[in-house]
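Q: Below is the structure I would like to discuss, written out as structure tokens.
No value in this document is a laboratory result; all are computed from the given coordinates. Because the structure is a prediction, the values reported are computed rather than measured. Note: ideal-geometry Cβ built from the backbone for every residue, glycine included; neighbour counts use all protein chains shown.
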Amino acid sequence: MLDLKRVKTFYGSIQALFGMSLHIEQGKVTTLIGRNGMGKTTTVNSIMGITPCRSGEITFLGNRIDHHAPYQVAQNGIGLVPEGRQIFPNLSVRENLLVGANHFSASKSPWTLNRVIDFFPALQDRLNNMGNQLSGGEQQMLAIGRALMLNPMLLILDEATEGLAPLIRREIWHCLDELKKSGMTILLIDKNIEELNRIADYHYIIEKGKVVWDGFPTTLKDNAELKQKYLGI
Amino acid sequence: MDWGLLLTQLMNGLQFGLLLFLLASGLTLIFGIMDFINLSHGSFYMIGAYFCGSIVARGESFFIAVLFALVGMFVVGALVEWIVARRLYRADHLDQVLATFGLILIFDAIVHIIWGPAGMAIPLPEFLDGQVSLGTLELPTYRLVIISGGLLVAGILSVLVTRSRLGMIIRAGASNQTMVEALGVNIHKLFLIVFAIGATMSGFAGMLIAPITEASIGMGNDIIIIAFVVVIVGGIGSVKGAFYASILIGLIDTLGRSYLDDLMKLFMSLDHAETAAPALSAMLIYILMAIVLAFKPQGLFPPAGIRP
């Protein structure tokens with residue numbers, strides 16, 4: 001569904017991605033794992049066109065998207081739940097959900113405001129609250145709901161459970177399980193290797209801006225040396 | 001105390017404040033959402049006045065002229081955004097200031113070529129040229145029209161920003177432009193629309209004031225400085241802030257010029273008061289800005305989520 005080939009991305013004169021390549025298969029959960037500052041968010045930003053890559057190819061459903069503006073990438077069917085959630089603090093929860101709503105989805109059961117509320121009942125009573133009045137967990141649910149309202153074909157979650165209380169994390173993982181069951185293609189970034197191993201179909205470990213290992217969760221689970229070397233656990 | 005004079009000055013202050021709002025609301029949206037400093041926003045004020053004047057000179061009624069000139073201003077705003085402004089969004093503020101200062105010179109030169117160096121008087125229809133009696137007080141009808149027009153546009157803008165989908169996206173853009181784009185919103189189209197609406201409102205202010213002052217080259221250059229003060233005092237990107245700051249500054253400026261010397265005479269000699277008052281009254285709004293910035297560096301009503 002999504003392919004990155006030898007992607008190189010820079011911040012000014014500083015190179016952040018050094019020939020990043022990965023492949024995301026439809027209907028699967030793929031993860032991007034690595035320590036802080038290794039280029040996970042830069043990879044996401046390059047896919048989204050927020051920090052466009054300087055060379056290499058990014059193709060989505062067979063079409064090149066590496067020189068698309070972020071809005072075109074989103075309209076093509078990629079939904080982003082960004083690091084730090086980035087809820088609009090001056091908009092109500094309802095408005096946050098409606099900003100990117102795609103009413104023209106070809107899907108038989110498109111994500112609508114009501115469906116998102118059913119999926120995240122905690123947002124029901126908060127619809128008229130402003131974005132900055134929500135707890136961290138509610139904000140993360142809102143960020144996921146906001147991305148789902150685009151009716152994306154690929155959902156990218158950058159630091160899906162970072163900074164959340166354990167109980168809320170469990171809830172978010174449960175939601176992600178449900179999304180996986182529904183057939184959603186997901187690119188997932190998180191630090192909880194145990195949960196990632198449970199939910200993922202395929203892993204990519206990235207170090208200093210490129211993939212240093214990729215493989216199946218069962219392989220990573222049993223490879224202590226790999227985990228120690230690249231993830232420090 | 002002459003209460004009649006005070007009420008007249010309050011109305012003048014309100015009128016000036018509402019004109020400022022028409023300029024500042026567009027300016028604050030353009031500055032807040034696009035991070036773009038547009039010094040030439042005052043040129044739209046001038047062009048609006050000339051558009052309206054030209055149509056009136058062809059024998060159309062003032063209201064018809066305003067309607068056509070509004071459409072013309074939207075087109076001019078969209079063209080300036082498309083041809084010039086969008087190339088400058090990524091430039092730093094100093095480059096934007098220099099480039100848009102250049103635009104002021106270009107617009108002044110174009111107006112000079114088309115309409116000549118002399119100003120253009122815009123006659124009012126007879127029914128707007130009279131006075132309205134409020135008890136013992138006589139107020140010029142047209143001043144009430146300006147106040148009503150300003151309040152009407154403020155109301156429409158408020159509904160647009162708080163109740164419409166476009167307004168929702170504009171507010172989202174004022175707090176996090178990148179995220180709006182990542183949600184599939186065509187930011188170029190949004191910028192074009194916001195810029196054109198801003199130009200239209202600035203032009204509308206010029207159309208409203210021209211029958212009193214006449215349309216003239218450079219007429220927007222003084223008021224734009226005050227409009228920037230409004231934007232800073234109200235909070236960059238905040239239409240609500242622009243509204244309250246406009247009224248506040250309109251009243252302070254007008255009342256300061258009328259009453260500051262009387263006030264200063266209470267504690268200094270007549271000579272000193274009459275010398276110092278005009279200079280000080282011209283500075284009042286800048287003193288207000290300094291005080292607001294000292295206590296609320298982000299202005300009186302910053303949009304939620306704007307980081308310090």
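Q: Quick check: convex hull over the Cα atoms of the range B:1-126, volume per residue in Å³, rounded to an integer?
A: Working: hull volume 19.1 nm³, N = 126.
Spread over its residues, the Cα hull of the range B:1-126 gives 152 Å³ apiece.
Q: Take the alpha-carbon centre of the range B:163-218, take the same for the range A:1-76, and report the distance between them in whole Å.
A: Cα centroid to Cα centroid, the span is 33 Å.
Q: Determine the distance separating the Cα centre of the range B:44-104 from the Cα centre of the range B:119-144; give it in Å without decimals.
A: If we compute the Cα centre of each part, the gap is 27 Å.
Q: Kindly state, as a whole number, the per residue volume in cubic angstrom of the convex hull around the alpha carbon atoms of the range A:98-233. Don't skip to the answer; put the middle values down first.
A: Details: hull volume 18.3 nm³, N = 136.
In the range A:98-233, the Cα convex hull volume per residue is 134 Å³.
Q: Would you mind getting me the FRET efficiency between A:D3 and B:R87? Use the beta-carbon distance for r and R0 = 41 Å, nearest 0.05.
A: 0.80
Q: Take peptide A:86-97, look around each residue's Cβ out to 10 angstrom, count Cβ atoms belonging to other protein chains, and average those counts.
A: Details: counts 6, 4, 13, 6, 12, 8, 1, 0, 1, 6, 4, 0.
Mean partner-chain Cβ count within 10 Å for A:86-97: 5.
Q: Right, another one. With a Cα-only, solvent-free Debye model of the range A:1-133, what are the log10 I(q)/I(0) values at q = 0.15, 0.19, 0.20 Å⁻¹?
A: With no solvent term, the Cα-only Debye profile gives -0.87, -1.16, -1.22.
Q: Which value results for Rg/Rh of chain A when Rg is the Cα radius of gyration and Rh the Kirkwood radius based on the inverse mean 1/r? Intermediate values should be presented prior to the final figure.
A: Details: Rg = 17.2 Å, Rh = 18.0 Å.
Answer for chain A: 0.95.
Q: Return a whole-number percent for the relative contact order of chain B, with Cα pairs under 8 Å and 6 or more residues apart as the contact set. Kindly include the intermediate steps, with their values, before the conclusion.
A: Working: 443 pairs, mean separation 109.5, N = 308.
Answer for chain B is 36 percent.
Q: If you don't mind, another one. Neighbouring Cβ atoms within 10 Å as the yardstick, rank B:H188, B:H93 fewest first.
A: Numbers: B:H188 15, B:H93 12.
Lowest count first: B:H93, B:H188.
Q: Let me ask something else. Hey, got the average number of other protein chain Cβ atoms within 10 angstrom for residues in B:167-174? Please report the intermediate quantities before stating the final value.
A: Working: counts 1, 8, 6, 0, 5, 9, 2, 2.
That average works out to 4.
Q: Give the angle, between 0 and 90 degrees and rounded to the nearest 10, that separates the Cα long axis of helix A:166-181 from the longest principal axis of the Cα atoms of chain A.
A: Between helix and principal axis, roughly 80 degrees.
Q: Measuring from centroid to centroid over Cα atoms, what is the spacing of the range B:256-270 and the range A:104-169 in Å?
A: About 61 Å separates the Cα centre of the range B:256-270 from the one of the range A:104-169.
Q: Using helices alone, I'd like the mean residue ellipticity at 222 nm for chain B: each DSSP H run of four-plus residues gives -39500 (n - 2.57), total over residue count, nearest 500. Please list the in-between numbers first.
A: Values: 11 runs with 229 residues, N = 308.
Here the helix-only value at 222 nm equals -25500 deg cm²/dmol.
Q: Roughly speaking, what % of Cα-Cα pairs in the range B:149-308 are separated by over 22 Å, rounded to a whole number? Show your work: numbers first, answer last.
A: Details: 6907 of 12720 pairs.
Within the range B:149-308, distances greater than 22 Å cover 54 percent of Cα pairs.
Q: Moving to a separate point now. Kirkwood Rh over alpha-carbon pairs of the protein assembly as shown, then Stokes-Einstein at 25 °C and 0.890 mPa s: what D in µm² s⁻¹, rounded to an integer? Show your work: numbers first, answer last.
A: Numbers: Rh = 26.3 Å.
This corresponds to a translational diffusion coefficient of 93 µm²/s.
Q: Another question, then. Most fluctuating residue of A:I193, A:I47, A:I14 in a GNM of chain A with Cα springs under 10 Å: which is it?
A: A:I14
Q: For the peptides B:17-25, B:251-259, what is the packing order when you average, over each peptide's residues, the other Cβ atoms within 10 Å and list the highest mean first?
A: On the way: B:17-25: 29.0, B:251-259: 18.6.
Sorting B:17-25, B:251-259 by mean packing, highest first, produces B:17-25, B:251-259.
Q: Output the peptides A:1-9, A:164-172, B:133-141 sorted from most to least packed, where packing is the average of other Cβ atoms within 10 Å over each peptide's residues. Present the calculation step by step, with values, prior to reporting the outcome.
A: Details: A:1-9: 19.3, A:164-172: 14.9, B:133-141: 12.4.
Answer by packing, highest mean first, reads A:1-9, A:164-172, B:133-141.
Q: Which residue fluctuates the most in chain A, going by a Gaussian network model with Cα springs under 10 Å, if the choices are A:D158, A:D177, A:D118?
A: A:D118
Q: Mind checking which of B:I114, B:I187, B:I104 has the largest fluctuation in a GNM of chain B, springs on alpha carbons under 10 Å?
A: Result for chain B, Cα springs under 10 Å: B:I114 fluctuates most.
Q: Which of B:D95, A:D222 comes first, and how do the rest follow, when ranked by fewest Cβ neighbours within 10 Å? It would help to have the intermediate numbers written out before the result.
A: Details: B:D95 12, A:D222 9.
Lowest count first: A:D222, B:D95.
Q: At 222 nm, what helix-only mean residue ellipticity would chain A give, in deg cm²/dmol to the nearest 500, using -39500 (n - 2.57) for each DSSP H run of four or more? Walk me through the numbers on the way to the answer.
A: Details: 8 runs with 70 residues, N = 233.
-8500 deg cm²/dmol, from helical runs alone.
Q: Using only alpha carbon pairs under 8 Å that are at least six residues apart, calculate the relative contact order of chain A and give it in whole percent. It would help to have the intermediate numbers written out before the result.
A: On the way: 443 pairs, mean separation 65.5, N = 233.
Over chain A, the number comes to 28 percent.
Q: Which net charge results when you count Lys and Arg as +1 and Asp and Glu as -1 among the other residues whose beta-carbon is under 10 Å from that of B:S281?
A: On the way: positive: B:R257; negative: B:D253, B:D261.
Neighbour charge sum, excluding B:S281 itself: -1.
Q: Tell me which chymotrypsin sites (Phe, Trp or Tyr not before Pro) from the range A:28-134 have a DSSP coil assignment and no more than 11 other beta carbons within 10 Å of their own.
A: Numbers: sites: A:F60, A:Y71, A:F104, A:W111, A:F119; in loops: A:F104, A:W111.
For chymotrypsin sites (Phe, Trp or Tyr not before Pro) across the range A:28-134 that sit outside H, G, I, E and B with at most 11 neighbouring Cβ atoms in 10 Å, the list reads A:F104.
Q: A follow-up question, please. When only DSSP loop residues count, what trypsin sites (Lys or Arg not before Pro) in the range B:85-187 have their Cβ near at most 12 other Cβ atoms within 10 Å?
A: The qualifying sites are B:R90.
Q: Let me check I've understood the local charge: for B:A196, count other residues with C-beta under 15 angstrom from its C-beta, Lys and Arg +1, Asp and Glu -1. What total comes out?
A: Values: positive: B:R86, B:K189; negative: B:E81.
Every neighbour counted, the sum reads +1.
Q: In whole Å, largest first, what are the principal axis extents of the Cα atoms in the range A:1-67?
A: Computed over the Cα atoms, the extents are 35, 27, 18 Å.
Q: Based on alpha-carbon positions alone, could you give the equivalent ellipsoid semi-axes of the range B:11-61 from the gyration tensor, as √(5λ), descending, whole Å? Intermediate results must be reported in sequence, preceding the final value.
A: Details: eigenvalues 129, 55, 11 Å².
Its equivalent ellipsoid spans semi-axes of 25, 17, 8 Å.
Q: Translational D (Stokes-Einstein, µm²/s) of the range B:3-218 at 25 °C and 0.890 mPa s when Rh comes from the Kirkwood sum over C-alpha pairs? Before the final figure, lay out the partial values.
A: Values: Rh = 18.3 Å.
Using the Kirkwood radius from Cα pairs, D works out to 134 µm²/s.
Q: Could you rank the peptides B:179-185, B:26-32 by their average count of other C-beta atoms within 10 Å per residue, with the highest value first? All intermediate terms of the calculation are to be shown ahead of the outcome.
A: Values: B:179-185: 24.7, B:26-32: 27.4.
Those peptides, ordered most packed to least, come out B:26-32, B:179-185.
Q: Let me know the mean shielding of A:129-139 by other chains, meaning the per-residue number of their Cβ atoms within 10 Å of its Cβ.
A: Numbers: counts 0, 2, 4, 3, 1, 0, 0, 0, 0, 0, 0.
Average per residue, whole number: 1.
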